[in-house]
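Enquirer: Right, I'll just put the structure down here and ask away after.
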There are 4 protein chains.
Amino acid sequence: MGGVVHTHSTYATAWAARGEEIPCVLTMMADEFGGPVPVGPFAIIGDDSIGRGIVDTLAGSRSPAVLMRNHGPFTVGRDAEAAVKAAVMLEEVARTVHAARQLGEPLPIDPAAVDRLYDRYQNVYGQGSADGADAVNGPATNAEEAHA
Amino acid sequence: MGGVVHTHSTYATAWAARGEEIPCVLTMMADEFGGPVPVGPFAIIGDDSIGRGIVDTLAGSRSPAVLMRNHGPFTVGRDAEAAVKAAVMLEEVARTVHAARQLGEPLPIDPAAVDRLYDRYQNVYGQGSADGADAVNGPATNAEEAHA
Amino acid sequence: MGGVVHTHSTYATAWAARGEEIPCVLTMMADEFGGPVPVGPFAIIGDDSIGRGIVDTLAGSRSPAVLMRNHGPFTVGRDAEAAVKAAVMLEEVARTVHAARQLGEPLPIDPAAVDRLYDRYQNVYGQGSADGADAVNGPATNAEEAHA
Amino acid sequence: MGGVVHTHSTYATAWAARGEEIPCVLTMMADEFGGPVPVGPFAIIGDDSIGRGIVDTLAGSRSPAVLMRNHGPFTVGRDAEAAVKAAVMLEEVARTVHAARQLGEPLPIDPAAVDRLYDRYQNVYGQGSADGADAVNGPATNAEEAHA
């Protein structure tokens with residue numbers, strides 16, 4: 001783990017203010033986070049309690065992101081760029097699941113499907129086999145996709 | 001059908017996360033989609049289940065857009081440009097109907113009016129009889145309009 | 001009345017989809033619209049019913065804007081520029097009152113205060129007596145303000 | 001107090017329309033505002049009632065911002081730049097707490113923690129001991145942060 005990013009991005013911070021994890025109800029969340037985004041403890045800046053809270057919370061999760069209670073998101077990655085990408089993806093899913101929840105309950109994704117999506121995206125797709133094009137001519141019968 | 005576009009645009013994806021079709025409560029939806037935007041099945045990338053889900057769902061609809069469950073929208077068109085336009089219009093109506101629903105129930109549009117709007121926009125208006133100007137001097141007593 | 005503008009701006013169209021007038025709960029609404037923004041009838045493009053609906057609805061109101069049911073806003077002005085300004089202000093108040101209503105009921109403004117605000121803004125302020133500066137050094141004890 | 005800024009920023013104005021103070025449920029609010037953002041009285045432009053309302057309301061608060069009822073936010077600072085910064089931070093917290101409240105109740109922050117955060121940010125951090133970097137390589141075990 002070489003990179004850490006902290007933001008106060010609006011929707012991730014809103015989930016953090018309620019101390020509520022973001023449920024994994026989107027295939028793009030399964031791809032990138034491998035499950036829900038967990039919540040870490042309330043911690044005040046100035047000693048090592050934020051750092052310990054992040055490490056302890058992420059230890060029990062595949063997610064590269066944690067929502068520190070009443071504070072905001074922290075994301076980690078093998079380098080700063082990966083951590084920034086996770087922060088951007090986090091805000092996108094935080095906002096989309098927020099919108100979904102405003103008008104009812106999002107449908108759950110079967111845990112086996114979450115595992116399969118995460119494995120494919122991290123291990124297969126990540127090795128450069130796709131072209132990243134989202135707009136193609138002809139039916140997308142065998143689609144691959146990358147997330148900006 | 002020559003173009004397919006897939007996005008994770010926020011509001012269309014939020015409806016997809018709930019597996020809920022977007023009701024046709026705006027005249028611009030009647031113009032462009034000819035009715036509600038339907039929901040397709042949950043399908044994992046990697047085989048042809050997404051492609052079949054899109055085709056099967058659109059077969060029963062005038063809409064060029066489908067909300068794949070827990071995943072996001074796919075739009076089709078005679079070429080890539082038409083599919084991109086449908087994707088942009090879809091997010092606009094997804095967001096507007098979302099906002100309408102947040103504070104109550106939008107009023108339904110009579111199905112005969114939906115048919116009349118769709119027919120005029122696709123068959124009459126589409127043949128270039130209007131000038132696309134939305135800001136005009138003088139009362140808009142006989143308005144025509146195009147959607148960007 | 002020399003200018004008419006029609007948009008599908010998100011929040012004004014959301015109120016129109018519910019067929020619900022926007023209540024006058026902001027001083028900037030009293031300034032610009034002189035009361036609530038009214039709702040006009042459902043009307044299909046192609047004959048003069050939209051034009052008549054706009055004229056009839058605005059006849060009973062000080063507002064330069066009307067929300068046509070299931071369709072969207074139309075604004076009028078002495079010229080196109082004034083109608084565009086009204087359209088921009090309308091979306092701003094539609095969005096702000098939407099946000100206010102999401103978490104409770106906005107407080108009403110006394111009708112006599114609405115009249116006083118409208119009269120000052122249209123008749124006194126409109127004659128160029130203010131400088132339009134919103135950020136000033138020193139306490140704003142005698143503030144004047146213009147709306148962009 | 002040398003600077004005063006007034007805006008109609010959407011979310012702060014929405015809280016003002018309800019006449020509801022913004023609760024201090026984010027660490028960045030504790031840092032910058034030292035507690036909730038208070039509500040001032042309804043006052044009409046044209047005499048000194050807005051100025052008096054601002055001064056009276058801020059007298060009982062550490063907040064540099066006040067939400068004038070049905071009108072919008074006013075912020076103060078030692079100069080215009082500080083007042084502008086407070087206006088920008090205010091809209092950010094108004095929007096984030098709005099989003100948090102849309103899906104439930106934000107968790108409160110212990111008043112002693114609010115005091116400690118406010119004191120550190122205003123008195124220690126403000127003296128230039130931190131570098132303002134939010135993206136760092138290595139774990140943020142002893143994080144400092146500045147708010148843009």
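A short reminder: the numbers here are calculations on the coordinates, not readings from a lab. Being a predicted model, the structure only gives us computed values, none of them experimental. Here the Cβ is made from the backbone with ideal geometry for all residues, glycine too, and neighbour counts use every protein chain on show.
Enquirer: With a ≥ b ≥ c the root eigenvalues of the C-alpha gyration tensor of segment D:3-127, is it rounded (a/c under 1.5), prolate (a/b larger than b/c) or oblate?
Expert: Since a/c reaches 1.5 but b/c is at least a/b, the shape of segment D:3-127 is classed as oblate.
Enquirer: How far is B:A59 from the same spot in each other copy, in nm, shortest first, if each label point sits 7 Å from Cα toward Cβ?
Expert: When each copy's label point is compared with this one, the spacings are 5.4, 5.4, 7.6 nm.
Enquirer: Under 5 Å between amide hydrogens, which residues at least 5 positions from B:G46 or on another chain qualify, with H placed 1.01 Å from N in the peptide plane?
Expert: A:A143
Enquirer: Could you sort the peptides C:105-111, A:51-57, C:33-39, D:12-18 by per-residue average Cβ neighbour count (10 Å cutoff), highest mean leading?
Expert: The peptides rank, most packed first, as D:12-18, C:33-39, A:51-57, C:105-111.
Enquirer: Another question about this same structure. In B, who owns the beta-carbon nearest the axis carrying B over to A, and how many Å from it?
Expert: Spelled out, residue of B and its Cβ distance from the axis onto A: B:Q102, 4.
Enquirer: Shielding of B:42-54 by partners, i.e. mean partner chain Cβ atoms within 10 Å per residue?
Expert: Taking the mean over all residues of the peptide, I get 5.
Enquirer: Putting +1 on Lys and Arg Cβ atoms and -1 on Asp and Glu Cβ atoms, find which of C:Q102, C:A43, C:L90 reaches farthest to the positive end of the dipole of segment C:3-127.
Expert: Farthest along the dipole direction, towards plus: C:Q102.
Enquirer: Per residue of segment A:22-29, in order, report the coupling 6.51 cos²θ - 1.76 cosθ + 1.60 (Karplus, θ = phi - 60°) as ³J(HN,Hα) in whole Hz, putting x for Gly and Pro.
Expert: Residue by residue, segment A:22-29 yields 8, x, 8, 10, 10, 4, 5, 6 Hz.
Enquirer: Between copies, how far apart are the C:I44 label points? List them in nm, one decimal, shortest first, with each point 7 Å from Cα toward Cβ, please?
Expert: Spacings between copies for this position, smallest first, are 4.8, 4.8, 6.8 nm.
Enquirer: Rounded to the nearest 0.05, what FRET efficiency do D:H147 and B:V88 give with R0 = 45 Å and r taken as the Cβ-Cβ distance? Could you check?
Expert: 0.85
Enquirer: To continue, here is another question. If you take the square roots of the eigenvalues of the alpha-carbon gyration tensor of segment A:84-123 and sort them as a ≥ b ≥ c, do you get rounded (a/c under 1.5), prolate (a/b over b/c) or oblate?
Expert: Oblate is the answer for segment A:84-123, as a/c is 1.5 or above yet b/c matches or exceeds a/b.
Enquirer: Taking a label point 7 Å from Cα toward Cβ, how far is A:D79 from its twins in the other copies, in nm, shortest first?
Expert: Taking the point 7 Å beyond Cα along Cα→Cβ, the inter-copy spacings are 4.0, 4.0, 5.7 nm.
Enquirer: Mind checking the dipole of segment B:3-127: about its Cα centre, +1 per Lys or Arg Cβ, -1 per Asp or Glu Cβ, Debye to the nearest 20?
Expert: The dipole of segment B:3-127 has a size of about 100 debye.
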